[in-house]
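Taken together, the values in this text are just the output of simple stated rules run on the coordinates, not laboratory data. Model, not experiment: these values are computed from the prediction. With ideal geometry, Cβ positions are generated from the backbone for all residues, glycine too; neighbour counts draw on all protein chains shown.
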Amino acid sequence: MRRHIIYLAIAIAIIWIVPMLSSYANAATCQLTNITWTQESAKIGDLVKYKIDGKNCSLEKVHVVVWSDHSGSSDTREAEFDVYFPREGAVFISDWRVANSNPFTNASLYLVASINSSGSGTSVDSSKTGTIKYLKVAPVIDQNPTVTITDFSITPITIPANEATRLKVTFKAKVDSPLYFIARCSGVQAFMIDGAGNKVYTQAIKPVSATNPNYSFDFNHDYTAGGDGVVAFRGKLECIGSAIVVLPTSSSVPITIGKGGGTGTGNTGAPGTPGTTQNYQFTVPNWLKGQPSSLTDLLDIIAKWLFNLAIPVAVGLIIWAGVLLMTAGANPANVKKGGAILKWVAIGLAIIFINKGFISLIRSVLELGNK
């Protein structure tokens, strides 16, 4: 009986667990459904997005190959790389910098993505399933790279005459499309030229980068100056490997030698005209509080200042006189001194209180004299 129960349990396990494991295994299998470009055309060096669709591909590793389609001959492998699906495992979107092994011809590029497993859905081809099947890339002969000198400066800009001076030159440039640039120039060389176009300094040839658009040609140069005057220097770039590519020359940077001066050419201009007399108004700020504009206003301010000063002084003297009188005792001298202080305080206060009358009298006299 016990043996039959064991057999029954095994049967139930086979019936329920095996299908669950099978469905789990099927759910865990990644299936690629589509790969496509997101735009139809680009130039070499551009970043172009592509999209891979999948099912149950969480964190799955995908191998991507970019092929160049050649009708009537074998296709060319342009690039290959590995990417990983995000944890959601449904859509992967990224970008690729466009390259073309034959940059002087048109190219039609398509994508192939694959995973390391067998069965259906392990590989997709944009030329078959993609919404945009091919990426059209124009040859570089139709797209000239643009090189811009972003900085050409020299220090110092004033140097002594008839001496050698070390010039510190900052020389920067930027390329709009590095891959176009490397397809046209195998190297780039920097120069510093004077106003007559003579090469004052020649730098060693720099290799051209397929990925970095920024170039630095900074250098130091010991320049021996002549007499007083002005010399103008410019930065110049030349393409190595192509005679038809003309690279830019910077604007000039004038360097003053000694006292400067020198001769030059140009229009003499129109003769000067004599100047004309003009009036310029200016004011001196009035720093006095109250902003007095006349002598009487000034007297008013002085009187107010004396009044404000006299009140605390008078109060102090009255208190001092009171102390002398209260502590005099049998000493008549202190009584006399305290009385004298009170008398003079009263006289002073009387004078201060009637100061307005004196000021008004003085103002009336002054105004009468001005009539």
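May I ask you to derive the FRET efficiency for Ile351 and Ile319 from their Cβ-Cβ distance with R0 = 25 Å, giving the value to the nearest 0.05?
On the way: r = 20 Å, r/R0 = 0.82.
After rounding to 0.05, the efficiency reads 0.75.
Pulled fully out, how much extra length does the chain show between Lys259 and Ile157, if you take 0.36 nm times their separation in residues and subtract their Cα-Cα distance?
Numbers: separation 102, 0.36 × 102 = 36.72 nm, distance 1.23 nm.
Here the segment from Lys259 to Ile157 would lengthen by 35.5 nm.
With θ taken as phi - 60° and the coefficients 6.51, -1.76 and 1.60, list the Karplus ³J(HN,Hα) couplings across the range 84-97 in order, rounded to whole Hz; mark glycine and proline as x.
10, 5, x, 4, 5, x, 10, 9, 10, 10, 8, 10, 9, 7
Distance in nm between label sites at His70 and Val83, each 7 Å beyond Cα in the beta-carbon direction?
The answer from the label model is 2.6 nm.
Please state the relative contact order of the range 147-257 as a whole percent: Cα pairs under 8 Å, 6+ residues apart?
On the way: 262 pairs, mean separation 39.1, N = 111.
Reported relative contact order: 35 percent.
Stretch His221-Ser252 to full length: gain in nm at 0.36 nm per residue minus the Cα-Cα span?
Details: separation 31, 0.36 × 31 = 11.16 nm, distance 1.66 nm.
9.5 nm is the gain from fully extending His221 to Ser252.
Straight-line reach only, C-alpha to C-alpha below 20 angstrom: list the lysines that Lys174 could link to, leaving out same-chain residues fewer than 8 apart.
Output for Lys174: Lys43, Lys206, Lys236.
Arrange the following residues from fewest to most other Cβ atoms within 10 Å of their Cβ: Arg87, Arg97. Don't skip to the answer; put the middle values down first.
Details: Arg87 7, Arg97 15.
With the sparsest Cβ surroundings first, the list reads Arg87, Arg97.
Taking θ as phi - 60°, what are the ³J(HN,Hα) couplings along the range 307-315 by the Karplus curve (6.51, -1.76, 1.60), each to the nearest whole Hz, with x for Gly and Pro?
With the stated coefficients, the range 307-315 comes to 5, 5, 7, 6, 4, x, 5, 5, 4 Hz.
I want to check the label-to-label distance for Lys336 and Ser120. Put each point 7 Å from Cα in the C-beta direction and report it in nm to one decimal.
Between Lys336 and Ser120, the simple spin-label model gives 13.6 nm.
List Asp222, Asp46 from most exposed to least, where exposure is judged by having the fewest other Cβ atoms within 10 Å.
Numbers: Asp222 9, Asp46 17.
Listing Asp222, Asp46 from fewest to most nearby Cβ atoms yields Asp222, Asp46.
In nm, what is the difference between 0.36 nm times the number of residues separating Ser364 and Val91 and their Cα-Cα distance?
Working: separation 273, 0.36 × 273 = 98.28 nm, distance 9.93 nm.
Full extension of this stretch gives 88.4 nm more.
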